[in-house]
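Before any comments, here is the structure.
The values are calculated or read from the model by the stated rules, or taken from the named source; none is laboratory data. Please read all numbers here as calculations on a predicted model, not as lab measurements. Note: ideal-geometry Cβ built from the backbone for every residue, glycine included; neighbour counts use all protein chains shown.
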Amino acid sequence: MEDYRAPMEHQWSPYSWNGGTILAVAGEDFAVIASDTRLSEGFQIYTRDSPKTYKMSDTAVLGCSGFHGDVLTLIKVIEAQQKIYRHTHQKDLSCESLAQLLATILYSRRFFPYYTYNILAGLDKKGKGCVYSFDPVGSYDREMYRAGGSAAAMLQPLLDNQVALKNQAGVEKEPLTIDKAVSLVTDVFTSAAERDIYTGDGVKISIITASGIDVKEVPLRRD
Amino acid sequence: MSNIFEYNGSAVVAMVGKECVAIAADRRLGMQAQTVTTDFKKIYEMNNKLYVGFYGLATDAQTVSNRLKFQLNLYQLRENRLIKPKAFMHMVSNLLYSRRFGYYFIEPVIAGLDPKTNDPYIATMDLIGCPMETKDFVVAGTCSEQLYGMCESLWKPDLEPDDLFETISQALMNAVDRDAVSGWGAVVQVIEKDQITTRTLKSRMD
């Protein structure tokens, strides 16, 4: 039986979208960064165990989502640059410097971008929690919290409401504790997994403090 | 002019509580980037226990609400009783499907109580009338993803009317604050069996 369809020109795209959501929150002396662990393309799931957070140093973790090919290459390039820095300066890159380095790397590909949504979380030179968020071509800013990736639009307003206490008049602002941050992150990922097809399977949470990086894994809906 | 649904900008949400429903919408009317008015009505009363809000093109929302009221008035005259929310949902669905190939650029959000039993009811549908009834909440808007995120986290079953008001208000206000074409205030209606409370909220005016 012949396929009676009009001829359609398909333009080959060098990019693909592999899904994934990342989220980071900065506290007074800690930072929390989490990502889901699903890797997909269209309606297919490639694997349920592909976290999108990568440890850069004892004080910084980078979350990257978007096109997995570019994520892997970007991580390779950053790690190579970090190696050079460590050999030259005999110390690790600080979080602020790592952020600027990433912005430079991303902008160097301004006219054929890395299709990645990046969030860097860690402790700054003074030991305070910091979160830097980037666009695919390297525009970046330091913030207290940021959601990125496929379910970013679902998570960001809830963080506005619960972390920055927006639209809540007369509520006492208490400093954010690690436990509160982790339970908030777990809750938002559970909500995102309900409504976003690309988010699910599991969430990997990295808690960065002066004493090191603690990792928690929580399962999510697998549908 | 890429997406006609995003031309005027809007956000509507409805939630079910304990023996009550709530429906809320933002108040902005714009022409793409230009804000035209900040008191635009998006929720229409069909009868004292049935409300419908519209997301999408403002002119179509007004036309459809007028046509719907017209059909509903005839129904009420013929049947001599208030319409059940589920029957009303079918009326809206039929109206939209009658324009299957020349559709209205809107998505309705229906919220009401059954006239006899006072059971809460909420529903939404797509632009050609495919209905979706849920037990928790329904959302429609240029910021629908944001609304889904907020409602999914904040809603819980059997909220009392005052708690339902707080929940739906926070869900709407924080979602529209992350959307450029909706916001500029909000209207929230909480419908209980013997009273309707309408509150106007002041939010970020941008």
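Checked against the criteria, B:Arg199 does not count as touching a residue at least 24 places away in the same chain (Cβ under 8 Å) and out of contact with any strand residue (DSSP E or B) (no Cβ under 9 Å at 6 or more places or on another chain).
In region A:166-186, the residue that is surrounded by the fewest Cβ atoms within 10 Å (Cβ to Cβ) out of those that are under 14 Å from B:Leu154 (Cβ atoms) and free of Cβ contacts under 8 Å to residues at least 60 places away in the same chain is A:Gln168.
When the strands (runs of 3 or more DSSP E) confined to region B:113-183 are screened for residues that are away from chain A (no Cβ under 14 Å) and modelled with pLDDT of 95 or more, those reaching at least 3 such residues are found at B:120-125. How about region B:108-147: which of its residues are under 12 Å from B:Ser93 (Cβ atoms) and surrounded by 24 or more Cβ atoms within 10 Å (Cβ to Cβ)? Result: B:Pro108, B:Ile110, B:Thr124.
Picking from residues in region B:184-202 that are among the hydrophobic types (A, V, I, L, M, F, W, C) and assigned to a strand (DSSP E or B), the one that is farthest from A:Ala153 (Cα to Cα) is B:Ile196. Check region B:25-44 and report whether any residue there is modelled with pLDDT of 95 or more, farther than 30 Å from B:Asp119 by Cα, in contact with a Ser or Thr (Cβ under 7 Å, 6 or more places away or on another chain) and assigned to a strand (DSSP E or B). Within region B:25-44, one or more residues are modelled with pLDDT of 95 or more, farther than 30 Å from B:Asp119 by Cα, in contact with a Ser or Thr (Cβ under 7 Å, 6 or more places away or on another chain) and assigned to a strand (DSSP E or B). Selection within region A:154-182: residues that are away from chain B (no Cβ under 12 Å) and among the small types (Gly, Ala, Ser). The member of this set that is farthest from A:Leu220 (Cα to Cα) is A:Gly170. Within region B:59-74, identify whether any single residue is within 17 Å of the chain's Cα centre (by Cα) and not in a helix (DSSP H, G or I), and answer yes or no. Checked region B:59-74: no residue is within 17 Å of the chain's Cα centre (by Cα) and not in a helix (DSSP H, G or I). Has region B:167-184 got at least one residue that is of a type in the set (Phe, Trp, Tyr) and more than 19 Å from A:Lys166 (Cβ to Cβ)? No - not one qualifying residue is present in region B:167-184.
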